[in-house]
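Report on one structure; see the data block that follows.
The numbers here are math on the coordinates, done by the rules we state, and not lab data. Predicted model only: the values in this text are computed from it and were never measured. With ideal geometry, Cβ positions are generated from the backbone for all residues, glycine too; neighbour counts draw on all protein chains shown.
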Amino acid sequence: MRYYLDTNMLVFILSNQKDCISREVDDIIFDFSNILYASSVAVNELILLYKIGKVELPDCKSAEGIIPKMKQYGIEIMYYNQYHLEKYIALDIAEGHKDMNDHAIIAQAIADKIPLVSSDTKFHCYTGQGLDFIFNRR
């Protein structure tokens, strides 16, 4: 099975915060028959958070270490494209949810018909628009 990982999941995985990953999601991540993806939007967000000091990744000595670390966990980057942008344009934004990176990641998951794993409670609001959402209860 294929899964998209939201930025918060990338943080938990790459910083070895296993206590922030639910048992159900842990089973998904460490089932090596599954294919794990991260949107290029999520990777951009992670790199920015690392560079401004909001996220610490102990095994990464610099931002350049993030992508090789993702590869160690078997996480592939899926690049945002025009097809994803068309879904983004059609996406109805949930009230009070103003994060454009989240909207892009959600649109990409809907367009690609791949479940999205996140700890973000706002993502439930998009299941009626086709998002297959797996909530990581921390």
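Key figures
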read-out	value
Residues being among the hydroxyl-bearing types (Ser, Thr, Tyr) and over 22 Å from Ala111 (Cα atoms) - total across the stretch 16-38	2
Selection count, the stretch 43-55, where residues are surrounded by fewer than 19 Cβ atoms within 10 Å (Cβ to Cβ), in contact with a helix residue (DSSP H, G or I) (Cβ under 8 Å, 6 or more places away or on another chain) and among the charged types (D, E, K, R)	1
Of the criteria (1) over 29 Å from Asn16 (Cβ atoms); (2) buried (at least 16 other Cβ atoms within 10 Å of the Cβ); (3) in contact with a strand residue (DSSP E or B) (Cβ under 9 Å, 6 or more places away or on another chain); (4) among the hydroxyl-bearing types (Ser, Thr, Tyr), which one Ser119 fails	(1)
Residues that are in contact with a His (Cβ under 9 Å, 6 or more places away or on another chain) and either in contact (Cβ under 8 Å) with a residue 40 or more places away in the chain or part of a loop (DSSP other than H, G, I, E, B) (or both), drawn from the stretch 124-134	Leu131
The stretch 98-114, residues that are surrounded by 15 or more Cβ atoms within 10 Å (Cβ to Cβ) and assigned to a loop (DSSP other than H, G, I, E, B)	Ile114
Residues within the stretch 95-121 that are free of Cβ contacts under 8 Å to residues at least 24 places away in the same chain and in contact with a Leu (Cβ under 9 Å, 6 or more places away or on another chain), tallied	3
